[in-house]
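Undergrad: This is the structure I have questions about; it appears just below.
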Amino acid sequence: MDDLLRVFGATDSILPYAREYLTIIWGSMYGNTEIAVNYAIDAVKSEDIRITSHRVPEDHVSFILSSAWKSTGLILGMPTYEYKMFPPLAHVLDDLARKKVLHKKVFRFGSYGWSGGAQKELEKLTEKLEWEFLDPVEFKGAPTGRDLDLNYKRSKELAGLIKRVFSLIGE
Ligand SMILES: Cc1cc2nc3c(=O)[nH]c(=O)nc-3n(C[C@H](O)[C@H](O)[C@H](O)COP(=O)(O)O)c2cc1C
């Protein structure tokens, strides 16, 4: 239990707010990142963890904030634009940082064209939030079958970890 909680981060701080629940926040201009979204959602559901999906910029940030606040983990489907995060997601993440949405377990996947850069900016923006990141899954253009498999695997890993922590807390 202690090891798991250490892996998980400051679980005491999570407990009053967070639930056994995940939020996926995603955006995609040309559809490449979008291809991988349902793989992440299916993987989470396969672990019997509830997940709410928000697409940006379509969904209003107030709903996203409320959902993210309650979630123990976040999945971000976010491509790179101009060496940085996709702007609609950058806006939401900036709000999460301003609102001090702390101690989340986070996995990001997303498409890039040549250099990437979104992950670097994401980690910089959130460095004071004590978010723990799983290794990102990044793919050039459209995801291959291998990328999708890896995306599924990592999303499942995140859901499995959350499930395990909550089952231990419930004991
Ligand atoms: C205006 C514009 C800027 C981009 N900037 C970058 C960049 O800085 N680095 C990079 O690796 N790819 C860049 N790309 C490529 C996108 O990341 C790539 O097309 C990706 O597949 C888009 O994902 P999406 O289809 O999910 O929107 C850019 C594309 C456009 C149209």
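Undergrad: To make sure I understand, if each residue's beta carbon is the centre and we count other beta carbons within 10 Å, what order do W26, W114, W69, W131 fall in, fewest to most?
TA: Ranking W26, W114, W69, W131 by Cβ neighbours within 10 Å, fewest first, gives W114, W69, W131, W26.
Undergrad: Roughly speaking, what is the stretch gain from N38 to D94, that is 0.36 nm per residue apart minus the C-alpha to C-alpha distance, in nm to one decimal?
TA: In short, 17.7 nm is gained.
Undergrad: While we're on this one: Calculate how steeply helix 87-98 sits against the longest principal axis of the alpha-carbon atoms of the chain, using the helix alpha-carbon long axis, and give the answer as 0 to 90 degrees to the nearest 10.
TA: It works out to around 30 degrees.
Undergrad: Turning to a different aspect of this structure: Can you give me the long-range amide H partners of K104? Hydrogens built in the peptide plane at 1.01 Å from N, cutoff under 5 Å, separation of 5 or more residues or another chain.
TA: HN-HN under 5 Å from K104: W131, E132.
Undergrad: Could you calculate the contour length gain from S66 to E82, that is, 0.36 nm times the residue separation minus the distance between their Cα atoms, to one decimal place in nm?
TA: 2.9 nm
Undergrad: For K140 and K45 in one chain, what is 0.36 nm times their gap in residues minus the Cα-Cα distance, to one decimal in nm?
TA: The span from K140 to K45 would gain 31.5 nm if fully extended.
Undergrad: Output the relative contact order of the stretch 76-129, whole-number percent, from Cα pairs under 8 angstrom with separation of 6+ residues.
TA: Answer for the stretch 76-129 is 55 percent.
Undergrad: So for the pair R19, K128, with labels modelled 7 Å out along Cα→Cβ, what separation do we get in nm?
TA: That separation, rounded to one decimal, is 3.0 nm.
Undergrad: Do me a favour and compute the ellipsoid semi-axes for the chain from its Cα gyration tensor, root of five times each eigenvalue, largest one first, whole Å.
TA: Ellipsoid half-lengths, sorted descending, are 24, 18, 14 Å.
Undergrad: Using Cβ contacts closer than 10 Å as the measure, can you line up F109, F139, F133 from fewest to most?
TA: If I rank by nearby Cβ atoms, fewest first, I get F133, F139, F109.
Undergrad: In whole Hz, with x marking every Gly and Pro, tabulate ³J(HN,Hα) for the stretch 160-165 from phi via Karplus 6.51 cos²θ - 1.76 cosθ + 1.60, θ = phi - 60°.
TA: x, 5, 5, 4, 5, 4
Undergrad: Taking R0 as 41 Å, what FRET efficiency do you get between I169 and D149 from their Cβ-Cβ distance, rounded to the nearest 0.05?
TA: 0.85
Undergrad: Over the chain, what is the relative contact order in percent, taking alpha-carbon pairs closer than 8 angstrom and at least six residues apart?
TA: The value is 29 percent.
Undergrad: Here is a further query. From the phi of every residue in the stretch 99-106, what ³J(HN,Hα) in whole Hz does the Karplus formula 6.51 cos²θ - 1.76 cosθ + 1.60 yield, where θ is phi - 60° and glycine or proline is x?
TA: 8, 6, 7, 9, 6, 10, 9, 10
Undergrad: Turning to a different aspect of this structure: Residue by residue through the stretch 73-80, what is 3J(HN,Hα) from phi via Karplus (6.51 cos²θ - 1.76 cosθ + 1.60, θ = phi - 60°)? Round to whole Hz and write x for glycine and proline.
TA: Taking θ as phi minus 60°, the curve returns x, 10, 10, 10, x, 9, x, 9 Hz for the stretch 73-80.
Undergrad: Quick check: the angle from helix 34-45's long axis to the longest principal axis of the chain, C-alpha only, nearest 10 degrees?
TA: On a 0 to 90 degree scale, this one is about 20.
Bear in mind that the values in this text are calculations on the coordinates, not laboratory data. Values in this document were obtained by computation on a predicted structure and should not be read as measured data. Here the Cβ is made from the backbone with ideal geometry for all residues, glycine too, and neighbour counts use every protein chain on show.
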